[in-house]
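Following: one structure in structure tokens, then a few remarks.
Every number here is computed from the coordinates shown, using simple stated rules; none is lab data. In this text, all values refer to a predicted model and were calculated from it rather than measured experimentally. Virtual Cβ from ideal backbone geometry, glycine too; neighbours counted across all protein chains shown.
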Amino acid sequence: MEKIELQIDATTLEKALALAKSRHCNLSELFAYAINQLAVIEPSKYPLLGLFADDPDSVDEMLEEVMKDRAAHPLNQRFEKSTT
């Protein structure tokens with residue numbers, strides 16, 4: 001275990017001491033807990049697309065269907081001017 005020196009303002013120190021007391025731990029344990037809670041672990045897969053990460057063919061099929069539906073939507077149709 002490493003020993004470090006830390007400078008914080010009085011208000012933050014008071015909050016830290018109060019938190020440590022309420023959690024029945026010392027400042028070292030409180031800081032370790034806070035750092036562990038704040039550590040960001042990169043997700044291994046995207047939440048939605050990750051569901052299909054092992055099945056790229058399904059993703060291709062879905063995208064193809066989406067593009068067909070999009071092209072067929074009335075708002076995406078090109079209107080030609082009638083010559084009457």
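A straight Cα-to-Cα reach below 19 Å connects Lys68 with the aspartates and glutamates Asp57, Asp60, residues fewer than 8 places away in its own chain not being considered. Projecting label points 7 angstrom from Cα along Cα→Cβ for Glu61 and Cys25 puts them 4.8 nm apart.
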